[in-house]
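Trainee: The structure under discussion is supplied below as structure tokens; questions concerning it will follow.
The values are calculated or read from the model by the stated rules, or taken from the named source; none is laboratory data. Please read these numbers as outputs of a predicted model, since none were measured by experiment. Reconstructed Cβ throughout: ideal geometry from the backbone, glycine too, with neighbour counts over all protein chains shown. Accessible surface areas use protein heavy atoms only, side chains included; no ligands, DNA or RNA. Shrake-Rupley method; radii C 1.70, N 1.55, O 1.52, S 1.80 Å.
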Amino acid sequence: MKLGEIGEFGLIRRFSPRFLRGLPPGAMGIGDDCAILPWIGSRRLLVTTDMLVEGTHFLRAKISARDLGYKSLAVNLSDIAAMGGRPTAAFLSLGIPGDVDVAWLDSFFAGLQGLARRERVPLLGGDTTRSSGPLVINLAVLGEAKVGRIKLRSGARPGDAIYVTGPLGDSGGGLRIILAGRPRNRDEAALVRSHSRPRAHLAEGAWLAGRAAVMAMMDVSDGIDSDLRRIMERSGCGAAVDLDALPVSGPLRRTALRRGWKVRELAAAGGEDYCLLAAVRKDRAAAVARGFARAFSRPLVRIGTVTRAGDGLRYFSGGERAELARRGFDHFKRG
Ligand code: ADP
Ligand code: MG
């Protein structure tokens, strides 16, 4: 059997059960944005790790070393945000091909440090080796959260309203521009920036974690088409998404018009947006959205509703059922 037949998530489902038996009390493993371990009193330790591989996640000729350093940390902070946690420490492992020069690495560390300082996440260790293949960057980030405030992927229930904390598709649009050449105007430069320097929604995650009505939360790394399925699987639910409601930024809307892109497909399946996706109890949803808008001066955007398990993920547009031409990202499945 080829990996393409089961995909990234099929593989994880295949090996994970044997490691999830007999965990110590209070520990939670594979399946959410972070692992959870018991810690001091009512606090829990959060652990996440993410790998960036040259040629798969980035092209060294297409992203500056500084941006790559920043992004390597940002994508991990996003998983801490997704649990409602606060990041506390980072560990960096590098597999470096022989042709990478020291000036490039200096810039990489400058980019990483900029974000580490801003978010007060000290780099406390890691590992450095030579790579006989691509440049490989792995970060592990620790965080903490109060036990009662941690948000899992598994808490969504039919009827909950589904929200996102920011626009969708900018990063996917930025990637298209990078692959096609260079940004041609300010809008396109803004999209490329969203791709190269994503912002982890730590403040938004912490705020949502403080709302009891938030039932489930995760970050959008592979596009909502893929990530919403993770929430559905963990929660045992379906979902209905209004494609017309997906928030799209001005730069993406204008660039899509100019370049002839389908903006809906990018918003639903583009990936690497690193905003948060949350399911909120129906009777409290409007109040939570109002509170979010007051706190962050921008809307918490409702994109759909959690439904029963048998429904699967259904899309609507103009009140009618709709299909996506493109699926969210899986490392091994194509099309
Ligand atoms: P995220 O995008 O939030 O980093 P994923 O959806 O990629 O998480 O992964 C799903 C879950 O599977 C996560 O809990 C992750 O820690 C776990 N996981 C992924 N790959 C491995 C692996 N090789 N070994 C153990 N756990 C893994
Ligand atoms: Mg995640």
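Trainee: Report, as a whole number in µm² per second, the diffusion coefficient that Stokes-Einstein gives for region 93-195 at 37 °C and 0.692 mPa s using the Kirkwood radius over alpha carbon pairs.
Mentor: Stokes-Einstein gives a translational diffusion coefficient of 184 µm²/s.
Trainee: Another question, then. Using a probe of 1.4 angstrom, how much of the accessible area of the chain is carbon and sulfur, in percent?
Mentor: It is 53 percent, rounded to a whole number.
Trainee: Go ahead and estimate [θ] at 222 nm for the chain from helices alone: -39,500 (n - 2.57) per DSSP H run with n ≥ 4, summed, over the residue count, rounded to 500.
Mentor: -11500 deg cm²/dmol
Trainee: Once amide H atoms are placed 1.01 Å from N in the peptide plane, what residues at a sequence separation of 5 or more from residue 89, or on another chain, have their amide H within under 5 Å of its amide H?
Mentor: Placed amide hydrogens put 142 under 5 Å from residue 89.
Trainee: Could you sort 147, 263 by accessible area so the largest value comes first, with the probe set to 1.4 Å?
Mentor: 147, 263
Trainee: Enumerate the amide H contacts of residue 314 below 5 Å, restricted to partners 5 or more residues apart or on another chain; note that Pro and chain-start residues carry no placed amide H.
Mentor: Here the answer is 239, 240, 241, since their amide H atoms fall under 5 Å of that of residue 314.
Trainee: Which one of 213, 102, 252 is farthest out on the positive end of the charge dipole of the chain, using unit charges on Cβ (Lys, Arg +1; Asp, Glu -1) and the Cα centre as origin?
Mentor: The Cα lying farthest towards the positive end belongs to 213.
Trainee: Taking the convex hull of the Cα atoms, report for region 273-320 its projected area averaged over all directions, in nm².
Mentor: So the Cα hull casts an average projection of 4.8 nm².
Trainee: How many percent of Cα pairs in region 31-146 exceed 22 Å?
Mentor: So the portion of pairs separated by more than 22 Å is 33 percent.
Trainee: Let me ask you something else. How big is the chain by the Kirkwood estimate over distinct Cα pairs, in Å?
Mentor: This gives a value of 20.5 Å.
Trainee: Packing-wise, with mean Cβ within 10 Å as the measure, how do 30-39, 152-161 rank, highest first?
Mentor: 152-161, 30-39
Trainee: How big is region 55-122 on each of its three principal axes, counting only the C-alpha atoms and giving the largest first in Å?
Mentor: Largest first, region 55-122 extends 39, 23, 18 Å along its Cα principal axes.
Trainee: To continue, here is another question. Treat region 227-290 as a sphere of radius equal to its Kirkwood radius over Cα pairs and apply Stokes-Einstein at 37 °C in a medium of 0.692 mPa s; give the translational diffusion coefficient in µm²/s, rounded to a whole number.
Mentor: This corresponds to a translational diffusion coefficient of 236 µm²/s.
Trainee: Please list 3J(HN,Hα) in residue order for region 265-277, calculated via the Karplus relation 6.51 cos²θ - 1.76 cosθ + 1.60 where θ = phi - 60°; whole Hz, with x for glycine and proline.
Mentor: My calculation for region 265-277 gives 5, 5, 5, 8, 10, x, x, 6, 7, 6, 8, 10, 10 Hz in order.
Trainee: Highest mean first, how do 163-173, 86-96, 57-67, 120-130 rank when packing is the count of other Cβ atoms within 10 Å averaged over residues?
Mentor: Descending packing order for the listed peptides: 163-173, 86-96, 57-67, 120-130.
Trainee: Give me the orientation-averaged projected area of the Cα convex hull of region 153-322, in nm², one decimal.
Mentor: 9.5
Trainee: Could you give the nm distance between label points at residue 101 and residue 182, where each point is 7 Å from its Cα heading toward the beta carbon?
Mentor: The two pseudo-label positions are separated by 2.0 nm.
Trainee: Another one. From the backbone phi of region 199-213, what are the Karplus-calculated ³J(HN,Hα) couplings (6.51 cos²θ - 1.76 cosθ + 1.60, θ = phi - 60°) in whole Hz, Gly and Pro given as x?
Mentor: The phi angles translate into 9, 6, 8, 5, 5, 5, x, 5, 5, 5, 5, x, 9, 4, 6 Hz.
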